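Written below as structure tokens is the structure these notes are about.
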Amino acid sequence: MTALHYFRCLEGIVRREALRFVQQRGRFLSALVRPLVWLLIFASGFRFVLGVSIIPPYQTYVMYEEYVVPGLCGMVLLFQAMQSSLSMVYDREMGSMRMLLTSPLPRWWLLGCRLLAAVLVAVLQVYVFLLVAWFWEVRPPPLGYLLVLPALLLAGMMLGALGLLLSARIRQLENFAGVMNFVIFPMFFASSALYPLWRVQEASPVLWHLCQANPFTHAVELIRFALYGRFDPVSAAVVGGALLLFGALAVLAYDPALGAIGRRGAPAGAAG
Amino acid sequence: MTAAAPRSLTPASPAASAASLPALEVSALSHAYGPRRVLHDVSLRVMPGEFTVLLGPNGAGKSTLFALVTRLFDARQGSIRIFGAALRQQPGVALAQLGVVFQQPTLDPDLSLRQNLAYSAALHGMSRAEGRRRAEEELARIGLLERAGEAVRRLSGGQRRRVEMARALMTRPRLLLMDEPTVGLDAASRSFLLDHVRRLCREEGLAVLWATHLIDEVDAASRLIVLHAGRVRAAGGPEQILAEGGGGTLRDAFARLTDEERASEDRTSEERAGDAREAPP
């Protein structure tokens, strides 16, 4: 198996993900509407309640709308990652995940391709959101739009790896509601996405520690700094470390010898 | 399409020595999900050109066997070899020679036939041009070439099964696994699939393991493996199965082979109950 085989496989998986995305226009629309609801309604209302002082990376006072945009970019990635994990469970039940896993290429590569494909689709959604935000007069420096790309990819891969890990553990489709309650909401609200952490620290030191330990906080900060042309090394390290950890655990969970799938129970449809 | 036809991922073993190797060799395979044992010491063999029916009632362990042979997970005990390549040590070589039609549908209903097949070709490392060429070849063989651009959603159940088979065959496997492929199909679609696969066995030396619980999918030329409660109850040609199953029709023999086990289980539980009654208080 040569590098060419690996590359063709990656290309095929990305192409399929892109085609599926184009086919499911409803999914795209809801992925776009979700952050817009937050930006156009929630943030507009909230700006009178919450003043944001000058904190890095901002050089001046910013409106709440401007503060919340990087967090909403993170939200798009988070939802997309979890939706992709849902579709992995769905895939596995429907059998196409099983088909993916019968490819002669190594499993870590297959999972990595699947992950990257989902992240690319998510990043595309983020850019569409940023475009709409631009019309809403949230306008980061032009260079920021380019610099945020690696941050979005890294953050997306990290969240996607977490989703992948969850997908090996979730057995039923219904459990996406559980993922919403126990993963998406806590990660989103206990982070710097909606409010700066110094405010949280004033209110509750315990919550502040939780926010600090939340990799999503660092994903959001990485995006926020990159969008304003700055690099936050701590966030980058935390997001990178979390990616390695979640990625390794996901590969283990899908490993045929060590994985959770064989030990825990029959594949869907394999009654006996 | 012969064994020597160019493939995208060429296995290590040359075709000449492969002729004598079993296409699939399962030895002393056991597997349990936690405390529940579903396969007990299963050994079986499928030779090139052989159409082997894996016959067993629901819950016999067929799907677990398929999950192990397709390497969804590894068996706790025993080994699986595909044309001599051990699945655990050389998964890439082994899987490159394997085509599978799963019991659950695996086609993406929103994508076209061509797009679905292209995806599978990419997973095997084929170039796009080669993938397109083989997709058209296989679709022509099942008579669906003119619908290649349509979404899978618009096909009937029988047509979808045919496409799944075409997809499994487009990577030129030498061993084809089919897990209950005829469930829910009408008689015409069933016989189309059976005829097509039997012809490939005869003419191109394809090895096939066909899992089913339907006895009427066995013909005189088939080899049979009867799996029940996780054990191989009988294996061989139809006459052998008749002999082992105590004569009558094949259906009677199958019923007896899969019933006797249940009877003996009942016996043991009765004995156990009897022991308990006789045990001193």
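The values are calculated or read from the model by the stated rules, or taken from the named source; none is laboratory data. In this text, all values refer to a predicted model and were calculated from it rather than measured experimentally. Cβ sites come from the backbone with ideal geometry, for glycine too, and all protein chains shown count toward neighbours. For accessibility, only protein heavy atoms count, side chains too; no ligands or nucleic acids. Shrake-Rupley method; radii C 1.70, N 1.55, O 1.52, S 1.80 Å.
Per-structure values
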item	result
Dipole in debye (nearest 20) - chain A, about Cα centre, beta carbon charges: Lys, Arg +1; Asp, Glu -1	680 debye
Calculated Rg and Dmax of the protein assembly as shown using C-alpha coordinates, Å	27.6, 91
Relative contact order (percent, whole number), chain B, Cα cutoff 8 Å, 6+ residue spacing	24 percent
Calculated FRET value between B:R128 and A:T2, using beta carbons and R₀ = 25 Å, to 0.05	0.95
Computed helical MRE - 222 nm, the protein assembly as shown, DSSP H runs ≥ 4 contributing -39500 (n - 2.57), nearest 500	-18000 deg cm²/dmol
The stretch A:217-250-the stretch B:181-236 distance, computed between alpha-carbon centres (Å)	53 Å
DSSP bridge pairs, the protein assembly as shown: antiparallel proportion in percent, nearest 5	55 percent
Convex hull volume per residue in cubic angstrom - Cα atoms of the stretch A:112-234	133 Å³
Area accessible to solvent at B:Y33, 1.4 Å probe radius, in Å²	10 Å²
Residue among B:M165, B:L145, B:V183 farthest towards the positive dipole end of the stretch B:131-188, charges placed on Cβ	B:L145
Positive-end residue of B:L257, B:A221, B:G49, charge dipole of the protein assembly as shown with Cβ unit charges	B:G49
Helical segments meeting 15 Å axial Cα length and Kyte-Doolittle 0.0 threshold in chain B (DSSP H)	B:113-123
Euclidean distance between Cα centres, the stretch B:80-116 to the stretch A:64-138, Å	26 Å
Cα-Cα pairs of the stretch B:15-92 separated by more than 19 Å (percent)	36 percent
Among A:A117, A:I55, A:L32 - extreme Cα towards positive end, dipole of the stretch A:3-256, charges at beta-carbon	A:A117
Solvent exposure ordering (accessible area, 1.4 Å, most first) of A:F189, B:F73, A:F231	A:F231, A:F189, B:F73
Shape call, the stretch B:105-172: gyration tensor on alpha carbons, a/c limit 1.5	prolate
Accessible area (Å², 1.4 Å probe, nearest 10) - A:L4	90 Å²
For the stretch B:104-238, alpha-carbon Rg over 2.2 N^0.38 Å	1.11
List A:Y127, A:Y67, ordered by accessible area with a 1.4 Å probe, largest first	A:Y127, A:Y67
Cα-centre dipole for the stretch B:105-172 with unit charges at Cβ (Lys and Arg positive, Asp and Glu negative), debye to 20	100 debye
As computed over the stretch A:3-256, the Cα convex hull volume per residue (Å³)	132 Å³
Percentage of interatomic Cα-Cα distances in chain B larger than 22 Å	60 percent
Per-selection metrics, the stretch A:1-147 (Cα): Rg and Dmax in Å	18.8, 60
Magnitude of the charge dipole, the protein assembly as shown, Cβ model with Lys/Arg +1 and Asp/Glu -1, debye to 20	1000 debye
Accessible-area ranking of B:R167, B:R256, A:R34, largest first, probe 1.4 Å	B:R256, A:R34, B:R167
Most fluctuating residue given options A:V14, A:V234, A:V179, as computed from a GNM of chain A linking Cα atoms under 10 Å	A:V234
Taking chain A and dividing mean pair separation by its residue count, relative contact order in percent (alpha carbons under 8 Å, at least six apart)	24 percent
Gaussian network model of chain A, springs between alpha carbon atoms under 10 Å - residue of A:F46, A:F225, A:F246 with greatest fluctuation	A:F46
